[in-house]
1. Mind checking which residues of region 17-51 are surrounded by fewer than 12 Cβ atoms within 10 Å (Cβ to Cβ), over 20 Å from Gln72 (Cβ atoms) and within 18 Å of the chain's Cα centre (by Cα)?
2. Between a first residue in region 51-80 that is outside any helix (DSSP H, G or I) and a second residue that is surrounded by 11 or more Cβ atoms within 10 Å (Cβ to Cβ) and of a type outside the set (Phe, Trp, Tyr), which pairs have beta carbons less than 9 Å apart while being 6 or more apart in sequence or on different chains?
3. Could you tell me whether region 85-98 includes any residue that is among the aliphatic types (A, V, I, L, M) and modelled with pLDDT of 80 or more?
4. Given the criterion basic (Lys, Arg) and either in contact with a Phe, Trp or Tyr (Cβ under 6 Å, 6 or more places away or on another chain) or surrounded by 12 or more Cβ atoms within 10 Å (Cβ to Cβ) (or both), identify the matching residue among Arg65, Arg85.
Amino acid sequence: MNSWNAPASRITANQIDMIMDKVNFISEMIQTGLLGFDAIEQELRLLAGQPNPPQPAQLISIATRIDATQRQTFASLQKLRELTREVDRATDKLQGGGGNDWNIPPQRNGW
């Protein structure tokens, strides 16, 4: 019977931990993007309540921030897609029972 203390299991657990660290980082990137949109929303609401319309420079500044935030959010989602492909490849190799990128010997009796 295999246990989590076996060398192959520890290697697998370490790789899972590494993947989860990446997931956490990506989620923080996405959260930062959403907070950026929230700040832009608040600024637009503030401008809407002013007696004078916003100046072109203010609108250009907001548009630039929207673009930068959109790009950051898009990059975060791209990283998430890359990570899902990485996880899929690794699990396919583990499930196949052959060699894999993690140098874990094949498991004959399962976990």
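The values are calculated or read from the model by the stated rules, or taken from the named source; none is laboratory data. Computed from a predicted model, the values in this text were never measured in an experiment. Here Cβ is always computed from backbone atoms with ideal geometry, including for glycine, and neighbour counts include all displayed protein chains.
1. Selection gives Asp17, Met18, Met20.
2. Qualifying pairs under 9 Å: Pro53/Leu47; Pro54/Leu44; Pro54/Leu47; Pro54/Ile62.
3. For region 85-98, residues among the aliphatic types (A, V, I, L, M) and modelled with pLDDT of 80 or more: present.
4. Being basic (Lys, Arg) and either in contact with a Phe, Trp or Tyr (Cβ under 6 Å, 6 or more places away or on another chain) or surrounded by 12 or more Cβ atoms within 10 Å (Cβ to Cβ) (or both) holds for just one of Arg65, Arg85, which is Arg65.
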